[in-house]
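To start, the structure under review is shown below, and the notes come after it.
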Amino acid sequence: MKTLVDVIGKSMGHWVGDGFPVRSLFSYQQDAEALSPFLLFDHAGPRNFEPHAGPPRGVGAHPHRGFETVTIVYDGEVSHRDSAGGGGTIGRGDVQWMTAGHGVVHEEFHSAGFSRSGGPFHVVQLWLNLPPEHKLAPPAYQAITADNIPVRSFERGIARIIAGEWGDTRGPARSFSPVNLWDVRLAADAEVTLPLPEGHTSMVAVLNGHVTIGGTGVGASEIARLTRDGEGVSIHADGEATLLVLTGAPVEGAVVGYGPFVMTSETEIREAIDDYNAGRCGAMAPA
Ligand code: MN
């Protein structure tokens, strides 16, 4: 079995644009090798937004290069538009998997409907690294709606398999390296053993509720980091709990980041900045 390494995630909140009140539960700037292939985990909300009459809140056009962004909506609605033609609105239970690759410019806002109505808002955005040979892959966009995500049921809980596989239940997301991304919901006092692969960087993020892993309590907006060695982990739910389970085979290569670009060297970062300034990361079509 895997064992607990530590619990991370106590972080000050900050705003991304004016729409996303996030806590960054981890960042590659802290511990790139140990977190690989994951780069960043932003936990937005849960927070209640009041009805809003002006333009929707969010973050305007900005670039990315060298990785993928994975946005999971638990409550609320997010609208996205990018320079490669990807876009759409995702709501509760939906996932947006955007491959920035060579480069995109995109914007991320509350949907117009959610902005007007207000209500609970709760979103996770992960940054997932690309293997060096795929860092300049063509941009791509996977809109993964809730009805396309298979559900694995077990005693006192379920797992929605977004990416990877649990037994014969396979998630729909296409990734460049092996990853598992599972939305796990536990009833109070559930005791479950999740079959996580040997060798993967393995983490259990608690989004709501409280669980105990290996005798250690893990609360909301905290992440239990597990050993790469071993298969599986046992989790006890101390009440109802919502977990995001993430595992991935570490990817090779140095991790050098600057703002929205994550590459393998300073030279590649300078190229990314030059390419963005010259419009070679794409440009947004007029709204
Ligand atoms: Mn972005």
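Sort through ALA140, ALA173 and tell me the only one that's within 17 Å of the chain's Cα centre (by Cα), surrounded by fewer than 18 Cβ atoms within 10 Å (Cβ to Cβ) and not hydroxyl-bearing (Ser, Thr, Tyr).
Unique residue meeting the criteria: ALA140.
Screening segment 121-157 for residues that are of a type in the set (Ser, Thr, Tyr) and outside any loop (DSSP other than H, G, I, E, B) and picking the one that is farthest from ASN208 (Cα to Cα) gives TYR141. For ASP31, the conditions (1) among the acidic types (Asp, Glu); (2) in contact (Cβ under 8 Å) with a residue 60 or more places away in the chain; (3) farther than 21 Å from SER115 by Cβ all hold with the exception of (2). Just wondering, is there one or more residues in segment 125-140 that are within 16 Å of the ligand (Cβ to nearest atom) and without any contact (Cβ under 8 Å) to a residue 60 or more places away in the chain? Within segment 125-140, one or more residues are within 16 Å of the ligand (Cβ to nearest atom) and without any contact (Cβ under 8 Å) to a residue 60 or more places away in the chain.
Considering segment 180-203, and only residues there that are part of a loop (DSSP other than H, G, I, E, B) and touching a His at 6+ places or on another chain (Cβ under 9 Å), the residue that is farthest from ALA146 (Cα to Cα) turns out to be ASP189. Listed by first and then second residue, the pairs linking a residue in segment 158-173 that is part of a loop (DSSP other than H, G, I, E, B) to a residue that is surrounded by 19 or more Cβ atoms within 10 Å (Cβ to Cβ) and of a type in the set (Phe, Trp, Tyr), with Cβ atoms under 7 Å apart and 6 or more places separating them unless they lie on different chains, are ALA173/TRP97. The sole residue among PHE26, PHE49 that is out of contact with any Gly (no Cβ under 6 Å at 6 or more places or on another chain) and not small (Gly, Ala, Ser) is PHE26. Residues satisfying the criterion are absent from segment 109-120 (criterion: farther than 24 Å from VAL245 by Cα, in a loop (DSSP other than H, G, I, E, B) and among the basic types (Lys, Arg)). Among the residues making up segment 18-30, a single one is within 14 Å of GLY257 (Cα to Cα) and assigned to a strand (DSSP E or B): SER27.
Once segment 43-83 is narrowed to residues that are more than 17 Å from the chain's Cα centre (by Cα) and surrounded by 21 or more Cβ atoms within 10 Å (Cβ to Cβ), the residue that is nearest to HIS14 (Cα to Cα) is PRO63.
For VAL5, the stated conditions do not hold, so it cannot be described as within 30 Å of THR216 (Cα to Cα), within 12 Å of the ligand (Cβ to nearest atom), in contact with a Leu (Cβ under 7 Å, 6 or more places away or on another chain) and at pLDDT 95 or above.
The values are calculated or read from the model by the stated rules, or taken from the named source; none is laboratory data. What you see is a predicted model, and the numbers here were worked out from it, not measured in a lab. Cβ atoms come from the backbone with ideal geometry, glycine included; neighbour counts cover every protein chain shown.
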